[in-house]
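Derivation of every value follows stated rules applied to the coordinates shown; laboratory data play no part. Model, not experiment: these values are computed from the prediction. Please note: Cβ atoms are built from the backbone with ideal geometry, for glycine as well, and neighbour counts cover all protein chains shown.
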Amino acid sequence: QVQLAESGGGLVPAGGSLRLSCAASGRTFSSHAMGWFRQAPGKERDFVATISSSGGRTYYADSVKGRFTINRDNAKNTVYLQMNSLKPEDTAVYYCAAAPKEYVIAMTPPLYDYWGQGTQVTVSS
């Protein structure tokens, strides 16, 4: 069982940066691809980024390419989302998630087994 807890959200002006962290418990953390998703008010939960279990492969939503970076430190059981050049459109609750071991990367919520509680990111104009 993998338990996830996000942190690092907050209020930031447009153009600013935040780094989100997702701390995981469980001995199998390093076996899971990880993902970040976000959900804005009245919207569906959308894919943001994913990273393979070793950290060797990443994939991003078009809306965040060039601005966001996902990485992980398996020794610390933590996955990160560095968010730069933030826009008001990035405002959402951000969730981290762990995918089944069989997936190298995964981009849709139904493919993920474990979810954190989310952290709010608000970008002001």
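Here is how the numbers come out for the structure above:
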| read-out | value |
| --- | --- |
| Candidate aspartates and glutamates for bridging to Lys65, where Cα separation is under 13 Å - those fewer than 8 sequence places away on the same chain excluded | Asp90 |
| Separation in nanometres of the label points that stand 7 Å from Cα toward Cβ, at Arg57 and Ala23 | 3.0 |
| Equivalent ellipsoid semi-axes, region 73-118, via Cα gyration tensor eigenvalues times 5, rooted, Å | 22, 15, 10 |
| Whole-Hz couplings from phi, Karplus 6.51/-1.76/1.60, listed for region 54-68; x for Gly and Pro | 8, x, x, 10, 9, 8, 10, 5, 4, 5, 10, 4, x, 10, 10 |
| Charged-residue dipole, Cβ positions (Lys, Arg, Asp, Glu), the chain about Cα centre, Debye nearest 20 | 240 |
| Pairs of Cα atoms farther than 20 Å apart, the chain, % | 34 |
| 13 Å cut-off, amide nitrogen to a point 7 angstrom out along Ser85 Cα→Cβ, residues in region 5-23 | 15-17 |
| Cβ-based net charge around Arg72, under 14 Å, with every Lys or Arg adding one and every Asp or Glu removing one | +1 |
| Average Cα contact separation per residue, region 35-125, under 8 Å, 6 or more apart, as relative contact order % | 30 |
| Counted charge near His32, where neighbours are those whose Cβ lies closer than 9 Å (Asp, Glu -1; Lys, Arg +1) | 0 |
